[in-house]
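One structure below.
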Amino acid sequence: MASCGSEQTPQELLSVDLRSGMDHPSMLALQDEIESVEYIPLETTADPASLLDGVSEYAVTSNYIYVSPVKEQRIVQFDRKGQFVKTLIPFGQGPGEFSDFLMGMQADEKNNRLYLFCSNKIMVYTLDGEFIQSLNHDYTIVYQRMVGQDRFASVAFPYVPFESGSYGLGVFSEKADTIVMKNDFSSPLVPREKAGFTIALAMAYSDVEESVLFKSGCNDTVFRVAADDILPACVLRTGNSDKEVIRSLDATDFTSLKKKFGEDHDIFVFDMFETPSNYYFRCKYNAGHYVASVHKKTGQVLAEKCVQPGDIRALGDANLLYGMLGTKSYQDFPVWGRTQGDCLVQLLTAYELHLYKEKCNITVPSELKEVNDDSNPVFIVYKLRKA
């Protein structure tokens, strides 16, 4: 398998040559980290509220699955076996309802809380949908997760230069008190008054470390945003061009909204997750999509080119979360997801599965062969081994 050493010594920050691994793709080793797998198709009933056009956000606990449909803003509750329960939280102006655009969702099973992260507020409920409070903030976010008691890791909305008041990365309390901030992302290629985040960002919550992993296209460092610190987690030596750095950092250039990050032999990391043993990164590179793993102890890099049945627009129509744009290293079925507790959770839609079955050479598990075009989305839960 394609691999690359990290030149790491004890106590040093993990630094790896990601480009070398990407240039020699083979197969990842996710199968070595999976202990068991569970397939959970979401039920459809005579109640129209059970029908989902897709899923834009979700959270999974040991008892329930919470989903936000793509076109109809609301929070729908299913039990852990996929049986429809009810529309838990409606969208609207009434008591306990939410009316802002949903940027994220998180379940805290230990403290019986469900958090809905909107652009400038946090709506807090019990896991049974009882409204607790609304935490209104002065800052605007593109991503937010709870990373400890009274601690929320936040990523600022793109296209606001840092010197104009954007905080970049931040950790805030329930009262919006600042715990720690980071806005020193910079390059001599971009004047400081223009420097800020663009859409070249990757963020992911890590249950493994109760923190948020973050990477900007202008910097090779993957940062860990925890309860009290923002520190480097690892460095991916991408060797990207000056052009990629500039369009990833110049917050005053809105034409980057139309540009394709990761073109011209640059590597654009747009998603990630971590297991006890590895970091996993989903990347755009050389007009294709790849996944790469970095072993936390050895620094070994493995890279794999993703199979995909169409361009990114076609995949986006099938699933906004690109659930099957991943590695085939587990039972020859494309896997990608988010960590929830000690599991990796993958979401796929019927249309997405149809595209891959029709146009790609993949092995479809027997549990998914009965999924038809009218089926609700399916959750696949992979139990992860300990490191």
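For segment 175-303, what does the relative contact order come out to in percent, with C-alpha contacts under 8 Å and a separation of six or more? Don't jump to the answer; show the numbers that get you there.
Working: 250 pairs, mean separation 25.8, N = 129.
RCO, segment 175-303: 20 percent.
Whole percent per 10 Å bin, from 0 to the bin with the longest distance: what is P(r) over all C-alpha pairs of segment 303-387?
17, 54, 26, 4
Taking the Cα centre of segment 142-244 as origin and charging only Cβ (+1 Lys, Arg; -1 Asp, Glu), how large is the dipole, in debye to the nearest 20? Mind showing how you got there, number by number?
Numbers: 10 positive and 14 negative charges, 58 e Å.
Its charge dipole is roughly 280 debye.
Which semi-axis lengths, in whole Å and largest first, follow from the square roots of five times the eigenvalues of the Cα gyration tensor of segment 153-298? Write down the numbers at each step before the final one.
Numbers: eigenvalues 102, 97, 26 Å².
Whole-Å semi-axes of the equivalent ellipsoid: 23, 22, 11.
Could you tell me what percent of the accessible area of segment 115-242 is made up of carbon and sulfur, with a 1.4 Å probe and every protein chain present?
Values: 2230 of 4980 Å².
Carbon and sulfur: 45 percent of the exposed surface of segment 115-242.
Stokes-Einstein diffusion coefficient for segment 164-232 at 20 °C in a medium of 1.002 mPa s, Rh from the Kirkwood formula over Cα pairs: what value in µm²/s? All intermediate terms of the calculation are to be shown ahead of the outcome.
On the way: Rh = 13.0 Å.
Here the translational diffusion coefficient equals 165 µm²/s.
When the label point is put 7 Å from the Cα of Ser119 along its Cα-to-beta-carbon vector, which residues of segment 152-171 have a backbone N closer than 17 Å?
Once the point is set 7 Å along Cα→Cβ of Ser119, 155-161, 166-167 turn out to lie under 17 Å by backbone N, inside segment 152-171.
For Lys258, go through the lysines and keep the ones whose alpha-carbon is under 17 Å away, minus same-chain ones fewer than eight residues off.
Lys243, Lys284
Starting from a Cα-only point model with no solvent, please compute log10 I(q)/I(0) by Debye for segment 253-293 at q = 0.15, 0.17, 0.19, 0.21 1/Å.
For segment 253-293, the Cα-only Debye profile gives -0.42, -0.51, -0.59, -0.67.
Per-residue counts of other Cβ atoms within 10 Å, averaged by peptide: what ranking do you get for 304-313, 319-328, 335-344, highest first?
On the way: 304-313: 15.8, 319-328: 23.3, 335-344: 20.6.
The packing order, highest mean first, is 319-328, 335-344, 304-313.
Can you tell me, using C-alpha contacts under 8 Å and at least 6 residues apart, the relative contact order of the chain as a whole percent?
On the way: 952 pairs, mean separation 69.5, N = 387.
Relative contact order here is 18 percent.
Can you tell me the Rg and the Dmax, both Å, for the Cα atoms in segment 1-156?
Cα only, segment 1-156: 19.9, 60 Å (Rg, Dmax).
With an 8 Å Cα cut-off and a minimum separation of 6 or more residues, compute the relative contact order for segment 1-118 in percent. Each step should come with its number before you reach the end.
Details: 175 pairs, mean separation 17.5, N = 118.
Normalised by residue count, the contact order of segment 1-118 is 15 percent.
If you find the alpha carbon centre of segment 237-297 and of segment 324-385, how far apart are they in angstrom?
Centre-to-centre (Cα) distance: 24 Å.
Would you mind computing Rg(Cα) / (2.2 N^0.38 Å) for segment 155-204, counting N as its residues? Show your work: numbers first, answer last.
Details: Rg = 11.5 Å, N = 50, 2.2 N^0.38 = 9.7 Å.
Rg over 2.2 N^0.38 Å, computed on Cα atoms: 1.19.
Using the Cα gyration tensor of segment 200-275, with a ≥ b ≥ c the square roots of its eigenvalues, what is the shape: rounded (a/c below 1.5), prolate (a/b larger than b/c) or oblate (neither)? Intermediate values should be presented prior to the final figure.
Values: a/c = 2.22, a/b = 1.93, b/c = 1.15.
Since a/c reaches 1.5 and a/b is larger than b/c, the shape of segment 200-275 is classed as prolate.
Averaging over all projection directions, find the projected area of the Cα convex hull of segment 51-113 and quote it in nm² with one decimal place. Don't jump to the answer; show the numbers that get you there.
Numbers: hull surface 17.9 nm².
Result: a mean projected hull area of 4.5 nm².
Which of the residue pairs Lys86/Lys110; Lys215/Lys259; Lys110/Lys386; Lys71/Lys386; Lys81/Lys369 have a Cα-Cα distance greater than 29 Å in the structure shown? Kindly include the intermediate steps, with their values, before the conclusion.
Values: Lys86/Lys110 22 Å; Lys215/Lys259 19 Å; Lys110/Lys386 21 Å; Lys71/Lys386 38 Å; Lys81/Lys369 18 Å.
Long pairs (Cα-Cα over 29 Å): Lys71/Lys386.
Any idea what the dipole of segment 232-335 comes to, in debye rounded to 20, about its Cα centre with Lys/Arg Cβ at +1 and Asp/Glu Cβ at -1?
Working: 13 positive and 13 negative charges, 35 e Å.
It works out to roughly 160 debye.
Using every alpha carbon pair in segment 121-237, what percent of pairs falls into each 10 Å bin from 0 up to the bin containing the largest distance?
13, 44, 32, 9, 2, 0
Residues of segment 176-191 with the amide nitrogen closer than 17 Å to a label point 7 Å from the Cα of Lys259, along Cα-to-Cβ, please.
Inside the label zone: 186-191.
Take the Cα pairs of the chain, get the Kirkwood Rh, then feed it into Stokes-Einstein at 25 °C and 0.890 mPa s and tell me D in µm²/s. Show your work: numbers first, answer last.
Values: Rh = 21.5 Å.
Answer from the Stokes-Einstein relation: 114 µm²/s.
Looking only at Cα atoms, what is the convex hull volume of segment 91-181 per residue, in Å³? Kindly include the intermediate steps, with their values, before the conclusion.
Numbers: hull volume 8.2 nm³, N = 91.
Here the figure is 90 Å³ per residue.
Quote the charge dipole size of the chain about the Cα centre in Debye, to the nearest 20; the model charges only the Cβ of Lys and Arg (+1) and of Asp and Glu (-1).
Numbers: 37 positive and 53 negative charges, 86 e Å.
Rounded to the nearest 20 debye, it is 420 debye.
The values are calculated or read from the model by the stated rules, or taken from the named source; none is laboratory data. Just so it is clear, the structure is predicted and the values come from calculations on it, not from any experiment. Note that each Cβ is placed from the backbone with ideal geometry, even for glycine, and that neighbours are counted across all protein chains shown. Heads up: the accessible areas ignore ligands, DNA and RNA and are worked out on the full protein's heavy atoms, side chains in. Shrake-Rupley method; radii C 1.70, N 1.55, O 1.52, S 1.80 Å.
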